[in-house]
Amino acid sequence: VPDILRDWVGVRREIVIRGRADGTTIRAYYSGERRQPFDPRGRDWMQALLPDLVRHGFGADARVARILKSGGAAALAAEIPRLEGDYLRALYVRQALRHGALAPRDVAAILQATRHIRSDYERAQTLIGIARTQPIDAATAPEFFRAVDTVQSDYEQRRALTAAARTMSEPAVIAEMFRSASGLGSDYEQAEFLRMAVSRKL
């Protein structure tokens with residue numbers, strides 16, 4: 001699927017970027033209704049447009065990979081607060097998780113960055129993604145459950161706790177999970193959490 005940059009102010013301008021199997025790209029530049037050479041005017045317009053677009057999600061996967069390669073998870077965590085909107089902040093975390101298991105300090109850095117995701121839904125989805133791909137153990141549990149504690153919705157908080165419970169085995173970590181669950185204000189969500197805990201023999 002090509003990435004497309006458009007500018008409808010004044011003359012319609014558009015760049016269509018398609019990836020090739022060898023990792024290179026093909027760019028087609030249109031001004032008005034006609035395809036034009038990708039001349040300095042087209043390149044200047046693209047360069048002016050890109051900084052804003054990347055902060056709205058354009059090329060997120062490639063950009064996350066570059067940040068991780070150059071500065072690691074700490075650099076990615078520092079970038080997340082600068083992004084526009086909770087969806088994009090959560091997207092960057094999901095893209096980072098696709099790169100495999102992270103060191104505990106990297107998981108902690110990303111978990112701290114999730115505090116900049118204000119939506120309970122997006123924050124819970126992000127925590128669920130972390131719990132499903134990274135071990136929640138003695139090294140990562142404190143930061144994970146501090147992040148869970150910031151979720152205001154009892155339903156979303158319980159979902160995050162349930163996801164984390166799937167791989168837990170250390171007594172101290174399980175105790176921390178129950179401490180976090182004690183903050184659930186809804187009797188129904190507390191009962192659902194306890195039902196899950198009993199079924200998993202925690």
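Of the listed requirements (1) exposed (fewer than 14 other Cβ atoms within 10 Å of the Cβ); (2) at pLDDT 85 or above, Gln47 misses just one: (2).
For the stretch 160-184, the set of residues classified as outside any helix (DSSP H, G or I) and open to solvent by less than 60 Å² (accessible area, probe 1.4 Å) consists of Met168, Gly183, Leu184, listed by residue number.
Residue-level analysis places Phe144 among those that are closer than 30 Å to Glu84 by Cα and either charged (D, E, K, R) or free of Cβ contacts under 8 Å to residues at least 40 places away in the same chain (or both).
Quick check on the stretch 115-152: of everything there that is of a type outside the set (Gly, Ala, Ser) and closer than 22 Å to Lys69 by Cβ, which residue is surrounded by the fewest Cβ atoms within 10 Å (Cβ to Cβ)? Looking at the filtered set, the residue picked out is Thr133. Each residue in the stretch 64-105 was checked for being part of a loop (DSSP other than H, G, I, E, B) and closer than 21 Å to Tyr121 by Cβ, and 4 pass. Residues of the stretch 87-115 that are aliphatic (A, V, I, L, M) and within 14 Å of Ala74 (Cα to Cα): Val93, Ala96, Leu97, Leu102, Ala103, Val107, Ala108, Ala109, Ile110, Leu111, Ala113. Please indicate, with yes or no, whether at least one residue in the stretch 57-68 is crowded, with 21+ Cβ neighbours inside 10 Å, more than 29 Å from Ala172 (Cα to Cα) and in contact with a Pro (Cβ under 9 Å, 6 or more places away or on another chain). The answer is no; no qualifying residue exists.
The values are calculated or read from the model by the stated rules, or taken from the named source; none is laboratory data. The shown structure was predicted, so the numbers you read here are calculated from the model rather than taken from an experiment. Methodologically, a virtual Cβ is constructed for each residue, glycine included, from the backbone with ideal geometry; neighbour enumeration extends over all protein chains shown. Just so you know, the surface numbers come from the protein's heavy atoms only, side chains and all, with ligands and any DNA or RNA stripped out. Shrake-Rupley method; radii C 1.70, N 1.55, O 1.52, S 1.80 Å.
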